[in-house]
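Each remark here refers to the structure printed beneath this line.
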Amino acid sequence: AKREGKHQYRLFNDAMRDQLVQRMRIEEDLRSALELEQFELHLQPLVSFTARQVMGYEALIRWRHPQQGLLYPDAFIGVAEQSGLIREIGYRVIREACRLLRDEQALLGDGCMIAVNLSPAQFSDPELLSRIEATVLEHGIGRGRLELEITESVLMRDLDEAIGILNRVQALGIGIAIDDFGTGYSSLAYVKRLPINKLKIDRSFIQTLSWDRSDQMIVEAIIAMAHKLELEVVAEGVEDEDQYHRLEAYRCDIAQGYWMSRPQSLESLVGVPQKIAGM
Ligand code: C2E
Ligand code: CA
Ligand code: CA
Ligand code: CA
């Protein structure tokens, strides 16, 4: 048994070492990906329930890896966050979103906005505001065209400081959405204090919406509460017609999910807004 223990210990170390080597390799790859501009944004339509048309998009990062093909965030965002590289990657994302807003009006649809995800490491970057401001000014981005999605974990460290930053972001004409709402420490009292524009209800509540009575009540209550606080509500992960119609009955504002459209590369976005408007 003792021997076996030793053996297991060694295996464990091997596994840890492999993992470390793997992480270091990804980090190195990420650095050259930044240099070689291997990141791209895919856009997933946000559909207005009342207008029945695309009102904007969430930008989702993809990595066109030279050997491994198209990589999704799950494969690299963790390493990017731990290494701090997410800051630089994040600025690229914001820049590219601004470029799309400036140059691709016809493709996106008139007046559409783009939402980008902001990681906690970006949020605590002292350069955040000045760099975003410079990018927005450079591209001539009007009010309400760019939005930042943050998770509640960003707010947990120092709420007052976070509120200060969010106020300054909004003063630049940039909207704020709370992402994955319902999974964190979200309390309604707490949301009331925040300078935000939207709540995005987490996909886990939408998945069960057709049959889980308590999730139905929760989603309906979140929407009603958000409206009292003058916030718009986005439902994430809408995958079928039944979910869509329930959310519509609850007066949800915006739907996002595979049922309307998967995230699209820029090339494959052609005609998608028109198709959705005809749904
Ligand atoms: P998220 O912000 O919650 O983004 C929504 C995720 O749900 C996306 O996964 C999207 O493709 C997926 N999704 C959308 N509709 C459906 C649906 O109907 N069903 C299902 N099952 N999934 C749906 P993706 O693109 O793999 O992104 C995963 C996460 O990676 C994002 O979750 C976000 O946290 C992070 N991420 C993506 N892009 C960026 C970025 O530019 N910066 C940072 N910091 N994080 C990013
Ligand atoms: Ca998001
Ligand atoms: Ca989300
Ligand atoms: Ca999520």
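The values are calculated or read from the model by the stated rules, or taken from the named source; none is laboratory data. The model shown is predicted, which means the values in this text are computed figures rather than measured ones. Don't worry about glycine lacking a Cβ; one is built from the backbone with ideal geometry, like all the others, and counts go over all protein chains shown. SASA here: full protein model, heavy atoms, side chains in, ligands and nucleic acids out. Shrake-Rupley method; radii C 1.70, N 1.55, O 1.52, S 1.80 Å.
Among the residues making up the stretch 176-200, those that are touching a helix residue (DSSP H, G or I) at 6+ places or on another chain (Cβ under 6 Å) and either part of a helix (DSSP H, G or I) or within 16 Å of ligand 4 (Cβ to nearest atom) (or both) are GLY182, GLY184, TYR185, SER186, LEU188, LEU199. If we scan the stretch 7-22, do we find a residue that is open to solvent by less than 50 Å² (accessible area, probe 1.4 Å) and not charged (D, E, K, R)? No, the stretch 7-22 contains no residue that is open to solvent by less than 50 Å² (accessible area, probe 1.4 Å) and not charged (D, E, K, R). Beta carbons closer than 6 Å, at least 6 apart along the sequence or on distinct chains, pair a first residue in the stretch 148-162 that is more than 16 Å from ligand 2 (Cβ to nearest atom) with a second that is modelled with pLDDT under 85 for ALA162/LEU155. If you go through the stretch 173-210 and pick out every residue that is closer than 13 Å to THR151 by Cα, aromatic (Phe, Trp, Tyr) and surrounded by fewer than 18 Cβ atoms within 10 Å (Cβ to Cβ), you end up with 1.
Could you tell me whether any residue of the stretch 132-144 is touching a residue at least 40 places away in the same chain (Cβ under 8 Å), more than 12 Å from ligand 1 (Cβ to nearest atom) and either part of a loop (DSSP other than H, G, I, E, B) or among the basic types (Lys, Arg) (or both)? First the steps, then the outcome.
To start, the set of residues in the stretch 132-144 that are touching a residue at least 40 places away in the same chain (Cβ under 8 Å) comprises 132, 135, 138-139, 141.
Those left that are additionally more than 12 Å from ligand 1 (Cβ to nearest atom): 132, 135, 138-139, 141.
Applying the additional criterion that residues be either part of a loop (DSSP other than H, G, I, E, B) or among the basic types (Lys, Arg) (or both) yields 141.
Yes, the stretch 132-144 contains a residue that is touching a residue at least 40 places away in the same chain (Cβ under 8 Å), more than 12 Å from ligand 1 (Cβ to nearest atom) and either part of a loop (DSSP other than H, G, I, E, B) or among the basic types (Lys, Arg) (or both).
When LEU118 is tested against (1) in contact with a helix residue (DSSP H, G or I) (Cβ under 8 Å, 6 or more places away or on another chain); (2) away from ligand 3 (no atom under 16 Å from the Cβ), only condition (2) is not met. SER153 meets each of the listed conditions (1) open to solvent by 30 Å² or more (accessible area, probe 1.4 Å); (2) at pLDDT 95 or above; (3) assigned to a helix (DSSP H, G or I) apart from (2). Say whether the condition of being in contact (Cβ under 8 Å) with a residue 40 or more places away in the chain, in a helix (DSSP H, G or I), open to solvent by 50 Å² or more (accessible area, probe 1.4 Å) and farther than 30 Å from GLY144 by Cβ is met by at least one residue in the stretch 30-41. So far as the stretch 30-41 goes, yes, one or more of its residues are in contact (Cβ under 8 Å) with a residue 40 or more places away in the chain, in a helix (DSSP H, G or I), open to solvent by 50 Å² or more (accessible area, probe 1.4 Å) and farther than 30 Å from GLY144 by Cβ. Listed by first and then second residue, the pairs linking a residue in the stretch 221-250 that is without any contact (Cβ under 8 Å) to a residue 60 or more places away in the chain to a residue that is assigned to a helix (DSSP H, G or I) and of a type in the set (Lys, Arg), with Cβ atoms under 7 Å apart and 6 or more places separating them unless they lie on different chains, are LEU229/LYS192; GLU236/ARG203; GLY237/ARG203.
Yes/no matrix, rows are residues, columns are (1) touching a residue at least 12 places away in the same chain (Cβ under 8 Å); (2) surrounded by 18 or more Cβ atoms within 10 Å (Cβ to Cβ); (3) farther than 30 Å from LEU247 by Cα:
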{"position": "LEU43", "(1), (2), (3)": "yes, yes, no"}
{"position": "HIS65", "(1), (2), (3)": "yes, no, yes"}
{"position": "LEU70", "(1), (2), (3)": "no, no, yes"}
{"position": "LEU85", "(1), (2), (3)": "yes, yes, yes"}
{"position": "ARG92", "(1), (2), (3)": "yes, no, yes"}
{"position": "GLU96", "(1), (2), (3)": "yes, yes, yes"}
{"position": "ALA115", "(1), (2), (3)": "yes, yes, no"}
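Hey, could you check the stretch 258-279 for residues that are without any contact (Cβ under 8 Å) to a residue 60 or more places away in the chain and either more than 14 Å from ARG52 (Cβ to Cβ) or touching a Lys or Arg at 6+ places or on another chain (Cβ under 7 Å) (or both) and say which is least open to solvent (accessible area, probe 1.4 Å)?
Just the residues of the stretch 258-279 that are without any contact (Cβ under 8 Å) to a residue 60 or more places away in the chain, to begin with: 258-259, 267-268, 271, 274-275, 278.
Within this subset, residues satisfying the condition of being either more than 14 Å from ARG52 (Cβ to Cβ) or touching a Lys or Arg at 6+ places or on another chain (Cβ under 7 Å) (or both) are 258, 267-268, 271.
Numbers: TYR258: 112, GLU267: 137, SER268: 52, GLY271: 36 Å².
Looking at residues that are without any contact (Cβ under 8 Å) to a residue 60 or more places away in the chain and either more than 14 Å from ARG52 (Cβ to Cβ) or touching a Lys or Arg at 6+ places or on another chain (Cβ under 7 Å) (or both), I get GLY271.
Which of the residues belonging to the stretch 226-256 are open to solvent by less than 30 Å² (accessible area, probe 1.4 Å) and in contact with a helix residue (DSSP H, G or I) (Cβ under 7 Å, 6 or more places away or on another chain)? If the condition is that a residue be open to solvent by less than 30 Å² (accessible area, probe 1.4 Å) and in contact with a helix residue (DSSP H, G or I) (Cβ under 7 Å, 6 or more places away or on another chain), then VAL233, ALA235, GLU236, GLY237, VAL238, GLN243, CYS252, ALA255 are the ones that fit. When residues in the stretch 196-248 are screened for being farther than 27 Å from GLY175 by Cα and touching a Lys or Arg at 6+ places or on another chain (Cβ under 6 Å), 1 of them pass. Among the residues making up the stretch 121-172, a single one is among the hydroxyl-bearing types (Ser, Thr, Tyr), within 16 Å of ligand 3 (Cβ to nearest atom) and out of contact with any helix residue (DSSP H, G or I) (no Cβ under 7 Å at 6 or more places or on another chain): THR151.
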